[in-house]
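What follows is one structure encoded as structure tokens, with my remarks underneath.
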Amino acid sequence: MTNSSSTDHVRIFDTSLRDGEQSPGFSMTMKGKLRMAKALAALNVDVIEAGFAAASPGDAEAVRAIAEEAEGPIICSLARVTEPDIEAAAKALEPAARKRAHVFIGTSPLHREFKLKMRKGEILDAIDRGVRFARETFEDVEFSAEDAMRTERTFLAECLKVATEAGATTLNVPDTVGYITPEEIFDTFSYLVEHVDPGPGVVFSVHCHDDLGMAVANSLAAVRAGVRQVECTINGIGERAGNCAMEEVVMALRTRKDSYGVETQVNTNKLYHASRTLEEVTSEKVQRNKAIVGRNAFAHEAGIHQHGMLSNPETYEIMRPEDVGQPNTTLVLGKHSGKHAILARLEELGHEVDPENVPALFTAFKKLADEKKEVTDEDLRGLVSGASNRVIVSEVSE
């Protein structure tokens, strides 16, 4: 079930430079934003949301600079459904070869009552006016119903119908506060695809936050329901607990294509580079156990795992590190490591161990590993240099 003419292509809409950059700790300089934009273009994402042009002169300047320099993806600016915001987006995006206005308004009871002070009819009128005004300048207009997942389902469908009739080409249904579950989001999108029925060429989009740790799972559930654009960020950065992590959703769709039956056009071997570029421009380190791009994503310390990896990497890895641009698989030597990994690493370092001396070496290794988090190559060299007052290894002849 889908609403797009391309049933097997999922667009990747990256909002690292807008939703990601506006979150505490992740602000970027102009130079940093341009570096990230180029990294995203190298990834071959479909859309780069470059910022919120009406938010500040600095944001407008950044959107324009990215529109001038980033080649390939559609360049997008966020805007409220107001003429000044849309005009600011249009001005900033002038240099872009391909451009999109992303207009939004809150639709949930909480947003209507406490933030906007607007009735349902006023919300619908604002959507109609805003999208029509945007279409006067942009061929490509995305509409977002902010806090959609806490909006009454029937009213949400009505909002999306009005946006479609006014000319929206993408309908974004965000889980703005990370509230929904995978089962609920599948049910919601299944309902919307059936009841909005916008016609060919109009794509449903999902934008999930990670407040309950389900942003990636929710985005994948939405894809199952017919959504063909996923909004996400590198390393999952974004407001509060962050957004759907691009590297995770892209590799889930690739690795489990047998389950989802769709694909993206992302150059996945550029994912690690994009992740490290973001780390550098924000000075925020990626957590060690981060899926896909963390230091431990392709690292193994347990002896049983290391033995399996030395026999066949598929025993414990469902992806190859080169698929995402990661350095080679690492067998981390620590207190959980076994003899096979230690001997393999010593061989790589140019040493071979006499079988009779393996027990003594292994005992010395375990003692050292209990004192340290990781045993380095230098530590191994120390173990085999005769520290035990007897020669337990010999140099491998060249």
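Among the conditions (1) in contact (Cβ under 8 Å) with a residue 60 or more places away in the chain; (2) under 12 Å from Val324 (Cβ atoms); (3) small (Gly, Ala, Ser), the only one that Gly242 does not satisfy is (2). Determine which member of the set Ile75, Ile86 is touching a strand residue (DSSP E or B) at 6+ places or on another chain (Cβ under 6 Å), surrounded by 24 or more Cβ atoms within 10 Å (Cβ to Cβ) and within 17 Å of Asn44 (Cα to Cα). Result of the check over Ile75, Ile86: Ile75. Of the residues that make up the range 125-139, is at least one surrounded by fewer than 19 Cβ atoms within 10 Å (Cβ to Cβ), in contact with a Leu (Cβ under 7 Å, 6 or more places away or on another chain) and not polar (S, T, N, Q)? No.
Is it true that Val206 is in contact with a helix residue (DSSP H, G or I) (Cβ under 7 Å, 6 or more places away or on another chain), surrounded by fewer than 24 Cβ atoms within 10 Å (Cβ to Cβ) and over 11 Å from Asp147 (Cα atoms)?
Values: in contact with a helix residue (DSSP H, G or I) (Cβ under 7 Å, 6 or more places away or on another chain): yes; surrounded by fewer than 24 Cβ atoms within 10 Å (Cβ to Cβ): no; over 11 Å from Asp147 (Cα atoms): yes.
In short, no.
Apart from one condition, Ser190 fits all of (1) out of contact with any Phe, Trp or Tyr (no Cβ under 9 Å at 6 or more places or on another chain); (2) assigned to a loop (DSSP other than H, G, I, E, B); the exception is (2). Output the residues belonging to the range 227-260 that are touching a His at 6+ places or on another chain (Cβ under 9 Å) and in a loop (DSSP other than H, G, I, E, B). Those that are touching a His at 6+ places or on another chain (Cβ under 9 Å) and in a loop (DSSP other than H, G, I, E, B): Arg228, Gly238, Glu239, Arg240, Ala241, Gly242, Cys244. Among residues of the range 330-355 that are within 24 Å of Ile292 (Cβ to Cβ) and charged (D, E, K, R), none has a Cβ under 7 angstrom from a residue that is at pLDDT 70 or above and crowded, with 18+ Cβ neighbours inside 10 Å at a sequence gap of 6+ or on a separate chain. Determine, yes or no, whether Thr137 is in the same structural domain as Met30 (by TED's automatic domain parsing), closer than 21 Å to Val177 by Cβ and not hydrophobic (A, V, I, L, M, F, W, C). The answer is no for Thr137. Being buried (at least 24 other Cβ atoms within 10 Å of the Cβ), of a type in the set (A, V, I, L, M, F, W, C), in contact with a strand residue (DSSP E or B) (Cβ under 6 Å, 6 or more places away or on another chain) and in a helix (DSSP H, G or I) is a property that holds for Ala222.
For the range 91-103, state whether one or more residues are touching a Gly at 6+ places or on another chain (Cβ under 9 Å), without any contact (Cβ under 8 Å) to a residue 60 or more places away in the chain, assigned to a helix (DSSP H, G or I) and buried (at least 16 other Cβ atoms within 10 Å of the Cβ). Among the residues of the range 91-103, at least one is touching a Gly at 6+ places or on another chain (Cβ under 9 Å), without any contact (Cβ under 8 Å) to a residue 60 or more places away in the chain, assigned to a helix (DSSP H, G or I) and buried (at least 16 other Cβ atoms within 10 Å of the Cβ), which makes the answer yes.
Remark: pairs (first residue in the range 159-172, of a type in the set (Asp, Glu); second residue modelled with pLDDT of 95 or more and in a helix (DSSP H, G or I); Cβ separation under 9 Å; 6+ apart in sequence or on different chains) = Glu165/Asp128; Glu165/Val131.
The values are calculated or read from the model by the stated rules, or taken from the named source; none is laboratory data. These figures come from a predicted structure and were not determined experimentally. For neighbour counting, all protein chains shown are included, and Cβ atoms are generated from backbone atoms with ideal geometry for every residue, glycine included.
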